[in-house]
Amino acid sequence: MALTFDNGRMNILADEVMGKPGDEISDGIDNLVGDKQTAREIKKDLASHGWCSLLVALIQLIGKANKAIGLVADAAKQAIKDALSNHFRSRLAKQVKDAVVDIVVDKVWSALARLVEAHFPLLGADTVRVLRMLAVFACPSVERHRDVYQHALVPLMGDGQGLVAEEVKVQVVTLFTAWWQRKGPATAQ
């Protein structure tokens with residue numbers, strides 16, 4: 001699990017989703033209600049848990065979209081496998097043919113998935129991670145906002161555990177590799 005933190009992506013997403021629309025939203029609320037006190041109360045409510053609720057809704061929507069895409073992708077991969085399998089006809093044993101088809105389709109599909117994420121990054125794991133961070137940062141009390149806790153903080157904590165576990169693994173392998181090289185197998189017994 002190679003997780004990266006892209007501060008630039010977080011700044012861009014925060015600015016595009018929350019920063020730039022902020023003035024327009026404020027003006028829209030002012031124009032809608034007309035009364036400054038009511039507009040101020042609405043904006044206060046929005047600042048209370050509105051933004052973090054909106055971000056959690058986006059996280060959930062992207063999750064549902066990715067799940068639907070996954071179902072379509074599975075059907076598409078099977079159709080491609082069937083078409084490629086027909087290409088080989090009887091020249092290869094079925095097990096070899098199926099293994100070759102699996103290799104080809106998996107490698108091509110991985111390349112296509114990387115292209116989709118590069119050109120449609122909204123659906124990518126990095127974007128979801130950044131939205132989770134923004135939801136946690138925007139929430140005035142994560143401990144009282146169950147959706148932010150469940151859909152943003154808990155997954156981020158899982159990511160953090162994965163990062164720590166991977167870092168520890170790398171350090172242990174490095175340490176023991178160096179030790180093994182110094183001691184050698186004969187003296188290690």
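The values are calculated or read from the model by the stated rules, or taken from the named source; none is laboratory data. Please read these numbers as outputs of a predicted model, since none were measured by experiment. Note: ideal-geometry Cβ built from the backbone for every residue, glycine included; neighbour counts use all protein chains shown. Each accessible area value is taken on the protein alone, full model and side chains, heavy atoms only, with ligands, DNA and RNA left out. Shrake-Rupley method; radii C 1.70, N 1.55, O 1.52, S 1.80 Å.
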- Note on the structure: Of the conditions (1) closer than 30 Å to I12 by Cα; (2) modelled with pLDDT of 75 or more; (3) part of a helix (DSSP H, G or I), the single one that P140 does not satisfy is (3)
- Message: Give me the helices (runs of 4 or more DSSP H) completely within the stretch 1-108, filtered to those with at least 1 residues that are in contact (Cβ under 8 Å) with a residue 60 or more places away in the chain and closer than 16 Å to R129 by Cα, ordered by residue number.
- Response: 7-14, 51-88
- Looking only at residues in the stretch 41-51 that are surrounded by 14 or more Cβ atoms within 10 Å (Cβ to Cβ) and of a type outside the set (G, A, S), which one is nearest to G19 (Cα to Cα)? W51
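Every residue, every condition in (1) over 21 Å from M10 (Cβ atoms); (2) out of contact with any helix residue (DSSP H, G or I) (no Cβ under 9 Å at 6 or more places or on another chain); (3) charged (D, E, K, R), yes or no:
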position	(1), (2), (3)
I42	yes, no, no
D45	yes, yes, yes
W51	no, no, no
I59	no, no, no
N66	no, no, no
I69	yes, no, no
V100	yes, no, no
A113	yes, no, no
V116	yes, no, no
- Task: For K169, work out the one condition from (1) more than 16 Å from L55 (Cβ to Cβ); (2) basic (K, R); (3) at pLDDT 90 or above it doesn't fulfil.
- Result: (3)
- Message: Looking at the stretch 93-126 only, could you name the residues that are more than 22 Å from the chain's Cα centre (by Cα), open to solvent by 80 Å² or more (accessible area, probe 1.4 Å) and at pLDDT below 85?
- Response: K94, Q95
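Go through the residues of the stretch 52-71 one by one and say whether even a single one is on the phi > 0 side of the Ramachandran plot and exposed (fewer than 15 other Cβ atoms within 10 Å of the Cβ).
No: the stretch 52-71 contains no residue that is on the phi > 0 side of the Ramachandran plot and exposed (fewer than 15 other Cβ atoms within 10 Å of the Cβ).
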- Selection from the stretch 26-39 of residues that are under 35 Å from the mean Cα position of the chain (by Cα) and open to solvent by 60 Å² or more (accessible area, probe 1.4 Å): D27
